[in-house]
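The values are calculated or read from the model by the stated rules, or taken from the named source; none is laboratory data. These figures come from a predicted structure and were not determined experimentally. Cβ coordinates were reconstructed from backbone atoms using ideal geometry, including for glycine residues, and neighbour counts include every protein chain displayed. Heavy atoms of the whole protein, side chains included, go into the accessibility calculation; ligands, DNA and RNA do not. Shrake-Rupley method; radii C 1.70, N 1.55, O 1.52, S 1.80 Å.
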Amino acid sequence: MGFFDQLAKLFQPKTPDFSFWVKVKCSRCGEVLTTRVNLANDLSSDYSDNPNADTYYCRKVIVGDKLCFQKIEVELNFNSKRRLINREISGGEFVDD
Ligand SMILES: [Zn+2]
């Protein structure tokens, strides 16, 4: 990295961390998979139950790298502050560190 790149980086405004990591374990082969949710881009407004809701919704399908091909479906609900309030999974289980 050149000097000016470093300088530019130094003066970059700090961007908030919009990454939300989901760690799941495949129910078929036991493989542990991690996927990233971009809280700035990947969430959609959740109007399904309540038109005034200011909550967000994200659905991810995770497929393992190995030869299992099990689809793990993850559904996440976030509140208006983009904090996780509910989660559901099929095809696997959540792994909490
Ligand atoms: Zn698997």
Original post:
With every protein chain left in place, what is the accessible area of GLU88 in Å² (1.4 Å probe, nearest 10)?
Top reply: 110
**OP:** Would you tell me the accessible area of VAL63, worked out with a 1.4 angstrom probe on the heavy atoms of the protein chains, in Å² to the nearest 10?
**Re:** 60
Original post:
Ignoring ligands, DNA and RNA, what accessible area per residue does the range 18-97 give at 1.4 Å, in Å²?
Top reply: 66
Original post:
Taking R0 as 30 Å, what's the FRET efficiency between LYS9 and THR34 from their Cβ-Cβ distance, rounded to 0.05?
Top reply: 0.70
Original post:
What is the distance, in nm, between label points placed 7 Å from the Cα along the Cα-to-Cβ direction at LYS71 and at SER27?
Top reply: 1.5
